[in-house]
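A short worksheet on the structure shown next.
The values are calculated or read from the model by the stated rules, or taken from the named source; none is laboratory data. If you're wondering where the values come from, they're calculated on a predicted model, not measured in any experiment. Note: ideal-geometry Cβ built from the backbone for every residue, glycine included; neighbour counts use all protein chains shown. Ligands, DNA and RNA are stripped out before the accessible areas are found, and what is left, the full protein with its side chains, is counted by its heavy atoms. Shrake-Rupley method; radii C 1.70, N 1.55, O 1.52, S 1.80 Å.
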Amino acid sequence: MKRTLNILLILIATVGYSQNNSESEVFRKIIDYEIVKGGRGMNIQCEKPKTSFDAKDFKVATGLNIPENVLKEIELNESKSRVGIWNSELINELIYNKDFIKNKECLTKKDAEKLFKKTKKRQNIISISEPIFDNKYENCVVSVRYWKFTGSAYGKKYFLKKVYGIWTVIVEYEIWMT
């Protein structure tokens with residue numbers, strides 16, 4: 001009985017680590033992806049907003065042929081998505097200089113507002129949502145928003161797939177701006 005309980009606790013801890021690790025890997029992938037596309041001088045927002053997902057809208061917007069069960073899992077797991085805070089240690093682990101990541105401290109919404117008022121200049125503040133995964137942690141959807149100035153922002157969603165153990169951006173969709 002005790003042995004079974006120990007095995008169960010190890011399995012639960014492993015699954016929890018795997019989930020948290022996948023979330024961190026997706027965060028790093030999105031930052032890397034944005035920098036490769038030309039993102040410079042970014043500040044990272046601490047808050048991770050909730051992501052929405054609708055399988056029908058996704059199929060119309062992307063035209064991708066993703067298995068229905070994967071889309072349904074992501075759609076169901078959206079209800080478990082929550083607003084949270086990115087771990088500051090994760091941001092400190094990023095290996096980019098100040099040309100790419102301006103500050104190793106993440107910004108709260110209040111910090112961002114203060115920055116806008118202080119500098120009176122456009123900024124490049126990136127906000128990355130909590131990823132929504134399928135049940136096997138092989139596919140996910142994440143929202144990204146760039147806050148340029150008070151009342152000025154743009155964003156999009158990414159669909160990512162784990163390919164040979166590496167998270168890969170498959171498509172950007174639902175692009176918007178204010």
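In the range 151-163, which residue that is open to solvent by 30 Å² or more (accessible area, probe 1.4 Å) and at pLDDT 95 or above is farthest from TYR137 (Cα to Cα)?
VAL163
Pick from the range 10-39 the residues that are modelled with pLDDT of 85 or more and small (Gly, Ala, Ser): which of them is farthest from ASN77 (Cα to Cα)?
Among those that are modelled with pLDDT of 85 or more and small (Gly, Ala, Ser), it is SER24.
Can we say ILE95 is of a type in the set (A, V, I, L, M), closer than 19 Å to ARG28 by Cα and open to solvent by 60 Å² or more (accessible area, probe 1.4 Å)? Quick ask: steps written out before the conclusion?
On the way: of a type in the set (A, V, I, L, M): yes; closer than 19 Å to ARG28 by Cα: yes; open to solvent by 60 Å² or more (accessible area, probe 1.4 Å): yes.
So ILE95 passes the test.
Go through the range 109-126 and give me each residue that's touching a helix residue (DSSP H, G or I) at 6+ places or on another chain (Cβ under 9 Å) and farther than 10 Å from PHE149 by Cβ.
Of everything in the range 109-126, just one residue is touching a helix residue (DSSP H, G or I) at 6+ places or on another chain (Cβ under 9 Å) and farther than 10 Å from PHE149 by Cβ, namely ILE126.
Checking ASN65 against (1) part of a loop (DSSP other than H, G, I, E, B); (2) surrounded by 13 or more Cβ atoms within 10 Å (Cβ to Cβ); (3) not β-branched (Val, Ile, Thr), only one condition comes out false. Which one?
(2)
Which one of GLU130, GLU138 is open to solvent by less than 30 Å² (accessible area, probe 1.4 Å) and within 16 Å of SER24 (Cα to Cα)? Please lay out each step first, then the result.
Working: GLU138 fails: open to solvent by less than 30 Å² (accessible area, probe 1.4 Å).
Going through GLU130, GLU138 in turn, the sole match is GLU130.
Considering every residue within the range 40-58, establish whether at least one is modelled with pLDDT of 85 or more, of a type in the set (D, E, K, R), closer than 23 Å to VAL169 by Cβ and part of a strand (DSSP E or B). Spell out the reasoning first.
Kept after step one, since they are modelled with pLDDT of 85 or more, are these residues of the range 40-58: 45-58.
After this cut, where a residue has to be of a type in the set (D, E, K, R) as well, the list is 47-48, 50, 54, 56-57.
Within this subset, residues satisfying the condition of being closer than 23 Å to VAL169 by Cβ are 47-48, 50, 54, 56-57.
So of that shortlist, the ones also part of a strand (DSSP E or B) come out as 47-48.
Yes, the conditions are met somewhere in the range 40-58.
So, restricting to strands (runs of 3 or more DSSP E) that lie completely within the range 69-170, which ones have at least 3 residues that are without any contact (Cβ under 8 Å) to a residue 60 or more places away in the chain?
Values: elements: 125-128, 139-149, 152-163.
Passing ranges, in order: 139-149, 152-163.
Conditions (1) among the charged types (D, E, K, R); (2) over 23 Å from ASN43 (Cβ atoms); (3) out of contact with any Pro (no Cβ under 9 Å at 6 or more places or on another chain), marked per residue:
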residue: LYS114; (1), (2), (3): yes, no, yes
residue: LYS120; (1), (2), (3): yes, no, yes
residue: LYS136; (1), (2), (3): yes, yes, yes
residue: VAL141; (1), (2), (3): no, yes, no
residue: TYR146; (1), (2), (3): no, no, yes
residue: LYS161; (1), (2), (3): yes, yes, yes
residue: THR168; (1), (2), (3): no, yes, yes
residue: VAL171; (1), (2), (3): no, yes, yes
residue: MET177; (1), (2), (3): no, no, yes
